[in-house]
1. Report yes if some residue within the stretch 563-571 is part of a helix (DSSP H, G or I), touching a residue at least 12 places away in the same chain (Cβ under 8 Å) and not aromatic (Phe, Trp, Tyr); otherwise report no.
2. Could you list, in sequence order, all residues of the stretch 584-604 that are in contact with a strand residue (DSSP E or B) (Cβ under 8 Å, 6 or more places away or on another chain) and touching a residue at least 40 places away in the same chain (Cβ under 8 Å)?
3. Within the stretch 904-925, identify whether any single residue is among the aliphatic types (A, V, I, L, M), part of a helix (DSSP H, G or I), over 38 Å from the mean Cα position of the chain (by Cα) and farther than 19 Å from Phe773 by Cβ, and answer yes or no.
4. Considering only the stretch 744-834, give the helices (runs of 4 or more DSSP H) lying wholly within it that have at least 1 residues that are of a type outside the set (Asp, Glu) and closer than 18 Å to Leu344 by Cα.
5. Do we have any residue at all in the stretch 360-376 that's outside any helix (DSSP H, G or I) and in the same structural domain as Phe789 (by TED's automatic domain parsing)?
6. Anything in the stretch 256-313 that is in contact with an Asp or Glu (Cβ under 7 Å, 6 or more places away or on another chain), within 22 Å of Gly149 (Cα to Cα) and among the β-branched types (Val, Ile, Thr)? List them, or say none.
Amino acid sequence: MDSYLNQNFDLKSKHSSDEALEKWRTVVGFVKNPKRRFRFTANLSKRYEAAAMRRTNQEKLRIAVLVSKAAFQFISGVQPSDYVVPEQVIAAGFQLCADELGSIVEGHDVKKLKFHGGVSGIAEKLSTSTNTGLSSDAALLSKRQEIYGINKFAEPEAKGFWVFVWEALQDMTLMILGACAIVSLVVGIAMEGWPAGAHDGLGIVASILLVVFVTATSDYRQSLQFKDLDKEKKKITIQVTRNDCRQKLSIYDLLPGDIVHLNIGDQVPADGLFVSGFSVLIDESSLTGESEPVVVNDKNPFMLSGTKLQDGSCKMLVTTVGMRTQWGKLMATLSEGGDDETPLQVKLNGVATIIGKVGLFFAVVTFAVMVQGLLRSKLQEGTIWSWSGDEALKLLEFFAVAVTIVVVAVPEGLPLAVTLSLAFAMKKMMNDKALVRHLAACETMGSATGICSDKTGTLTTNRMTVVKSCICMSVKEINSTNKASFCSEIHESAIKLLLQSIFMNTGGEIVTSKDGRREILGTPTETALLEFGLSLGGDPQTERQASKTVKVEPFNSTKKRMGVVLELPGGGLRAHTKGASEIVLAGCDKVIDSNGEVVPLDEKSINHLNATINEFANEALRTLCLAYLELKNGFSSDNAIPVSGYTCLGIVGIKDPVRPGVKESVAICRTAGITVRMVTGDNINTAKAIARECGILTDDGIAIEGPDFREKSQEELLKLIPKIQVIARSSPMDKHTLVAKESADVIILDDNFSTILTVAKWGRSVYINIQKFVQFQLTVNIVALIVNFSSACLTGSAPLTAVQLLWVNMIMDTLGALALATEPPTDELMKRAPVGRKGNFISNVMWRNIFGQSFYQLMVIWYLQARGKAMFELDGPDSTLKLNTLIFNSFVFCQVFNEISSRNMEEINVLSGILNNSVFVAVLGCTAVFQIIIIEFLGTFASTTPLTYSQWGLSVVIGFFSMPIAAALKLVPV
């Protein structure tokens, strides 16, 4: 079975080809209800539409760029446009309509932009300011929203409950059973009258309706879970300026006229125009398919929704939102295309296909055997050409039983059980601070054998403070008590240069919040430096007013440094740089000594500074070197900032404590067969010190620097990678950057390593839960098929009727999935090795349990069939009905207790934590209650008869004995 599944139903967890997605669909073959089976699979036709739209976008943007370039040559000859502002827009206080704004940005229309007064002119016509942003007045925002729309994409309307009922009714086998029920009603009423002749037909109809409504309820609840998850996924905030205050705002609340602040890795949340910024590179591949980044500046200010900042930072004026953007139209089409199905979903479709084919074969043979028996008796009686109503109903009953065998045998709910389990896991993981964007990611994490973790904020707390420094060649510890003495011991000129470097060469910002408090925005490293500057008595506003920024090169993980060029008040230019200590120090040839004088950086000074860097690093401190350079007047903003000739201002050591619980989590990962590696941009000594503190770096592990790692050959890497535990001074190629967070499948909301462990645990739980469900379902399938088939062959009739089989199908399919697919994870899951994608899904342990349980149940049922009447002293006209009721009741209670045994496939104690799973307890309770109702009160419809207390007791005992049988089976080694 596993080789067949791997050959036809093997799918990658991400980016599967259209051919692979098509292949398994064609192999599936017989499907009872395509609407339900393929509900959570990709809509390939919609995917093709989205791809066509991308190609159109690519061509439109290519032409727009060519036209805009040509327009620059004739820009001086711009003639007034014939654009007329609609009265509704004027009445609202604006001078540009949404369509005109959209045509400017989407069409890269330089002539229109020039006609409307450039970016500042458009801001004025939108009644906004590029400095203070929009007013937060609710009435004004509402008016703006009426004119320009909201920043939301059109989504398919949520399905109501009755839609799921209709989809459940699309099951082909249920429709055939429905037809059988109608014929049974007509023939029965014609022969026996109402209501006696309607019992069989109404019983089937009632069972069909019960199956349909239970299935629809389960599916509807599942859809509501996904709806809640989608809401969580959309809680994305961005920095905007409103009322001259920086604040966080949901991207769905953005309006044209808003001033948005974007940094490297951010996704552009709406169409807009570049206001100001530095070194902005935009990745438009998500919209156009083009991999080459686009430079955005004053000359090319057009920014499109859905693209990403690959480098730099900027302010953007929002012009177009929601469905008026190309991204909005593309996303609407993509959402209809749906997510890729997960590998486990596809594999279970394969399992369902195999079981379905076997079940179909048994159904056909069972029907043929029962019909053959009836025909043989009629041939013997010589009445082959004369059929009574009873005989016609008998034939119809045979057909109904055969169809019901198909209903039971084809586990349509099997692939949906994966979705149910994944949805449950995703909801629970959200409570544990892990946002899962794609279902397949749960499965992937369950099979993970390695975790590469960033250091900052994941292994550490991300609360950084400057605790040591080496300024003017003097090493000092910094704490709240000695900051005043720190300034008195360092020359005033050096302090001034240091404060200028901190406040002007920064990617952070000190702003005033709504409540008037001072707030520092930026990375933890920038925040630590700015807090250090403030503690030294620095005033960022004074520094900004004192000099003019000429050029900025934002921090880049490849260069490991950032720089700024300032025009000084007295004339002249000065460059400041900061970054990785050894890289910046290598570009210095001078240093400020203890007297505040600039002196050449001799060997002794270099050795002292390098020793200081290593000392700080060995104490697990992140080290930064700050330096400056007096530039000649010939420097142009088009030139790159120099990388050498600098004067070293000093080195700072920044402390970021290790998170509590990380060491224990790393130890659990190691026990679970998961190798944890730390990938960081820090100095190798800092990286090694923290890795040891976290328990990541062991005595036989290797720590390597990114440049060395990238130079290794394929053969060398294959030998090295199993031993590598730390990669220091890594580049974006070695680790996930901020851009990766935007495209990640799982986002750790609290950046805590322990949460990664939780995700891995839930991933394993999903896999194990589905295995439990498959084990349970296959046991029911095997017993139901063999019992009905063998009875048909031996006696010419089936002990389990169509109504009874429909109830059994509900127990094993919908209710079984609810009970077993929603089991929470246990710590025991992290004491076993991960299962690979190619591993056997139905393990030897499962086969042992399935065959053992099936054998016990078959022996019991066959014994009851053969000896039951004598055993219970049953006689009279209803003895067969009484015996079949006993068999049916015993069979159902075998499934109830087998469901409990399936909670753990290897451990004998299956009751541990059972009361913590309210869904499981509720399913067992409902099953037992409905079974009592079916036996005691619905006998006319379900072909059952009330049982005595002793018969009930024996049925339960027979079912209960499946638990010690299961425990004994677990002692058998496989």
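The values are calculated or read from the model by the stated rules, or taken from the named source; none is laboratory data. This structure is a prediction, so every number in the text was calculated from the model and none was measured. For neighbour counting, all protein chains shown are included, and Cβ atoms are generated from backbone atoms with ideal geometry for every residue, glycine included.
1. There is no residue in the stretch 563-571 that is part of a helix (DSSP H, G or I), touching a residue at least 12 places away in the same chain (Cβ under 8 Å) and not aromatic (Phe, Trp, Tyr).
2. The answer is Val584, Leu585, Gly587, Cys588, Asp589, Lys590, Val591, Ile592, Asp593, Ser594, Val598, Leu601.
3. no
4. Filter on the stretch 744-834 gives 753-795, 816-820.
5. no
6. Result: Thr307, single match.
Residue by residue, here is whether (1) at pLDDT below 75; (2) crowded, with 20+ Cβ neighbours inside 10 Å; (3) within 22 Å of Thr944 (Cβ to Cβ); (4) assigned by TED's automatic domain parsing to the domain that holds Phe930 holds:
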residue: Val186; (1), (2), (3), (4): yes, no, no, yes
residue: Ala190; (1), (2), (3), (4): yes, no, no, yes
residue: Gly193; (1), (2), (3), (4): yes, no, no, yes
residue: Ala196; (1), (2), (3), (4): yes, no, yes, yes
residue: Ile204; (1), (2), (3), (4): yes, yes, yes, yes
residue: Phe213; (1), (2), (3), (4): no, no, yes, yes
residue: Arg221; (1), (2), (3), (4): no, no, no, yes
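A quick yes/no check of all residues on (1) charged (D, E, K, R); (2) surrounded by 17 or more Cβ atoms within 10 Å (Cβ to Cβ); (3) over 12 Å from Glu823 (Cα atoms); (4) free of Cβ contacts under 8 Å to residues at least 24 places away in the same chain:
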{"site": "Asn884", "(1), (2), (3), (4)": "no, yes, yes, no"}
{"site": "Ile887", "(1), (2), (3), (4)": "no, yes, yes, no"}
{"site": "Phe893", "(1), (2), (3), (4)": "no, yes, yes, no"}
{"site": "Asn898", "(1), (2), (3), (4)": "no, yes, yes, no"}
{"site": "Leu911", "(1), (2), (3), (4)": "no, no, yes, yes"}
{"site": "Phe920", "(1), (2), (3), (4)": "no, yes, no, no"}
{"site": "Gly925", "(1), (2), (3), (4)": "no, no, yes, yes"}
